Each structure stands twice: as structure tokens, then as C-alpha cells.
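Just so it is clear, none of the values below were taken in a lab; they were calculated from the coordinates. All values derive from a computational prediction rather than experimental measurement. No Cβ is skipped: glycine too gets one built from the backbone with ideal geometry, and neighbour counts run over all protein chains shown.
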Amino acid sequence: MAETVTSAAGAPTESGSSDHVIQVEDLHVHFHTQLGTVRALNGVSFSIPRGKVLGVVGESGCGKSITGLSIMQLVPHPGKILSGRIYFREKAGDRPVDLLTYDRHSPEMHHIRGKNISMIFQEPMTSLNPCYTVGNQIAEAILLHQTPNRNEAKEQAIEILRRVGMPNPERIYNTYPHQLSGGMRQRAMIAMALSCTPVLLIADEPTTALDVTTEAQILDLMRELQAEIGMSIMFVTHNLGVVAQMCDEVAVMYLGRVVERASVDEIFYDPKHPYTQALLRSIPRLGTNRKEHLEVIKGSIPDPYSTLPGCPFHPRCPSFMPGTCDRIVPEETIIAGTVAHSVRCHLYPGSTFVPPSTTESANGAAVS
Ligand code: SF4
């Protein structure tokens with residue numbers, strides 16, 4: 001067993017603190033399909049401090065994108081937010097509002113979505129409307145949230161295109177998405193997301209479809225604009241190199257749960273959870289012997305319909321403890337001596353026993 005744990009039992013609830021833009025608490029999202037129920041999120045909790053960048057990492061299918069879509073209340077059918085709280089604070093010191101108390105089509109949600117919280121989607125070609133010019137789509141958001149004057153909206157749209165580094169923004173305003181390169185389409189998406197200077201930007205793998213040169217330009221641009229506008233960013237990615245470059249804090253997700261949260265330095269230099277450690281070991285490094293095999297995380301993510309008891313990572317974990325890890329769901333514990341480093345793992349004492357009759361499955365189902 002490893003060192004160090006002060007307090008146990010549950011996520012630190014921070015709904016009282018005033019410097020967090022968003023606080024997600026115990027969020028559960030399920031998809032009921034003909035084949036069964038996919039428990040996409042199983043009690044996700046995290047918060048994002050004002051003006052900071054939180055990286056959300058994990059393998060495909062761990063719930064990163066669904067977490068972002070839940071904040072926007074855009075979970076696609078047949079997904080349903082079953083329970084949890086998503087507190088949002090527009091300004092420091094404001095009383096937080098729980099976004100889940102609003103209907104997804106309510107005027108309140110329409111006001112928050114796009115104006116206060118924006119999202120950059122992974123693939124701009126499928127997110128931009130091919131029937132409207134880029135300028136038209138950016139101006140639409142400005143007309144909705146900033147000004148009813150069409151000329152002013154056009155001027156603001158051209159200005160934001162200029163700020164995201166578009167050459168000749170007056171011409172780009174009148175072009176259609178298919179006339180732009182991948183990098184320029186991504187810049188157009190960023191321009192649209194930033195057009196109303198949001199308090200929180202959710203960037204869902206915004207550079208995955210780009211070549212490395214364009215990726216570096218887009219990341220630089222986002223950092224610059226973030227410093228200029230002072231917004232917070234939730235940066236969803238599976239690329240740990242991008243996390244090191246962009247983020248202040250990191251939440252590592254596995255099968256619909258946050259399994260470790262810490263500052264970016266602690267995640268890279270002192271990771272606690274075996275999954276985080278394995279993720280870091282599997283990054284290719286310069287200068288390694290070409291004959292050495294790259295380390296991989298053994299096995300794969302379980303079938304999303306399966307009902308695996310105990311810790312969701314136990315079939316793949318090198319530190320697996322029979323009788324404990326395969327029976328008891330680890331609670332979130334805080335690592336001693338750190339400001340905010342939490343982990344869900346039985347190697348760090350403090351986990352509570354869940355009786356076998358109600359043992360939770362890897363994807364959240366109660367197993368009798
Ligand atoms: Fe591994 Fe057990 Fe920790 Fe899960 S709880 S990560 S199986 S040591």
C-alpha cells in the first residue's frame with residue numbers, strides 16, 4: 001500500500017467556493033438502447049477555477065465528450081441526464097445556478113449556451129452548416145446574444161475572424177465551409193465559439209483532425225485568446241502532450257468516472273492512480289532504444305453494456321488486489337500534503353466498503 005491519505009469518502013464538494021466557473025457534482029448520464037443501458041457517466045465530479053484550463057483526458061469511450069455535452073445540455077438521444085448538479089457562476093461572487101434545473105430548451109439555457117458557455121467541436125466539417133457562409137454563422141450568434149443590428153454583427157464577425165488569424169477576413173466572411181482548409185475551418189469554429197466572449201469554453205478535441213503545424217498554431221491561438229479574454233477552458237483530449245502545453249489542472253477519466261484530479265505538474269511528476277501511471281508510461285519518448293517495445297495498457301475498455309463489479313480498472317491493473325479491487329468500488333480520497341490531488345484507488349486507504357449485494361459494476365449497474 002502506498003503512503004498518504006488524509007480524508008476519504010467522496011468528492012470534495014465545492015459548491016460554496018466562489019472562484020469556480022463550473023462545478024460538476026455526482027453527474028450520471030445513461031443511454032437506454034435496444035441492446036441494454038450504457039452508463040456513460042457514473043458520478044463525475046470536478047470543478048474549473050475562473051481563468052484556468054482544465055484538461056480532461058482518457059481513452060475513447062470514457063465519457064469526456066458526454067461530460068462537455070452535459071454541461072451544454074446537448075446530450076444526444078437516447079442519452080439522459082439522470083442525476084447530479086452542474087453549478088455555473090457567470091461572475092466571481094455570484095450565486096451559482098444549477099444548470100440542470102433548467103429545461104434544455106428554456107430561454108435561460110438558450111441565453112447561457114453560446115453566450116456564457118461555448119463549445120468547439122472535434123470535426124468542424126460536420127459542425128459548421130454547409131448551406132450558410134462562415135460569416136453568416138458567426139454573425140447569427142452575435143445577433144442572438146450581442147446586438148440586433150446586422151451591420152454591427154457583420155463588423156464584429158469580421159473582427160473576430162481577424163483575431164483568430166484568418167487572412168483577408170472580409171473575403172472569408174462570404175465563403176462556405178467547404179471552400180476552407182481544415183485549419184481554417186477550425187479557426188472559423190473557434191471564432192464562432194469566441195464571438196460572444198464566453199466565460200467558459202469547452203474545447204472537445206479541437207485539434208485532433210489537424211496536422212501538427214496547424215495544431216501548434218491553433219493551440220498558441222487559444223492560449224493567447226484565453227489570456228486576453230480571461231475565460232476558463234475545459235480542454236477535452238486524449239493527447240497528453242497537448243495537456244502539458246495547455247492545462248493548469250487535469251482530470252483523468254476512466255469508464256465514466258474521474259479517477260484522478262491534480263495540477264498538471266503532479267499528474268506528470270507524481271501520478272497516483274495506476275491508470276494515470278500506465279497512460280504516462282505509454283507515451284513514446286525521444287531517444288529510447290528502437291528495439292524496445294512501446295509500453296501499452298494491457299486489455300481494452302470493457303463492453304459498455306457489461307456489469308463488472310468493483311474498481312472499473314481492475315481487469316487491466318498491474319496492482320490488482322483480489323478480493324478487494326474486484327468487489328469494492330473505490331471512493332475518492334485526497335492525497336495528504338496536496339492542495340487538491342484526489343484519486344479513486346484502494347492503494348490509497350479511505351475507501352468505503354460496498355456490501356456484495358449492492359456492489360456497483362464498472363459501468364455503474366448494481367450487481368446482486
Ligand atoms: Fe488497481 Fe485496485 Fe487501484 Fe483499481 S482500486 S486502480 S484495481 S489497485
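By the count of other C-beta atoms within 10 Å, a proxy for reagent exposure, I267, I71 are ordered fewest to most as I71, I267. Averaging the sequence gap over all C-alpha pairs within less than 8 Å and six or more residues apart, then dividing by the number of residues, gives the chain a relative contact order of 22 percent. Residue-wise HN-Hα couplings along region 40-51, as the Karplus relation 6.51 cos²θ - 1.76 cosθ + 1.60 with θ = phi - 60° gives them from phi, are 5, 10, 10, x, 7, 9, 6, 9, 10, x, 4, x Hz; Gly and Pro carry x. In this rough spin-label picture, where each label sits 7 Å from Cα along the Cβ direction, the I229-D98 distance is 2.9 nm. Karplus-derived 3J(HN,Hα) values for region 309-326, using 6.51 cos²θ - 1.76 cosθ + 1.60 with θ = phi - 60°, are x, x, 5, x, 8, 4, x, 10, 8, x, 9, 3, 10, x, x, 10, 5, 8 Hz; glycine and proline are entered as x. Of the complete DSSP H runs in the chain, those spanning 15 angstrom or more by Cα along the long axis with a mean Kyte-Doolittle score not below -1.0 are 134-145, 182-194, 212-229. For region 254-312, the relative contact order is 32 percent, taking Cα pairs closer than 8 Å that sit 6 or more residues apart in sequence and dividing their mean separation by the residue count. For D303 and N149, the difference between the fully extended length at 0.36 nm per residue and the C-alpha to C-alpha distance is 50.3 nm.
Only the Cβ atoms of Lys and Arg (+1) and of Asp and Glu (-1) were treated as charged; on that basis the dipole of the chain about its Cα centre amounts to roughly 480 debye.
Taking one quarter of the surface of the C-alpha convex hull of region 24-182 gives a mean projected area of 11.7 nm². With the simple model of a label 7 Å out from the Cα in the direction of the Cβ, H238 to T213 spans 2.7 nm. Dividing the helix sum by the residues of the chain, where each DSSP H run of 4 or more adds -39500 (n - 2.57), gives a mean residue ellipticity at 222 nm of -7500 deg cm²/dmol. H32: net charge of surrounding residues, Cβ under 11 Å, Lys/Arg +1, Asp/Glu -1, itself excluded? After counting each charged neighbour, the total is +2. Here the peptides 100-106, 116-122, 294-300 are ranked by packing, the mean other Cβ count within 10 Å, and the order with the highest first is 116-122, 100-106, 294-300. Sorting 317-324, 38-45 by their mean Cβ neighbour count within 10 Å, with the most densely packed peptide first, gives 38-45, 317-324.
The ranking of Y87, Y305 from fewest to most other beta carbons within 10 Å of each one's beta carbon is Y305, Y87.
Segment H32..M125, full-extension length gain: 30.6 nm, with 0.36 nm per residue of separation and the alpha-carbon distance subtracted.
Antiparallel beta bridges, as assigned by DSSP with both residues in the chain, represent about 65 percent of the total such bridges. Distant-in-sequence amide contacts of V21, defined by a placed amide H-H separation under 5 Å and a gap of 5 or more residues or a different chain, comprise I48, R50.
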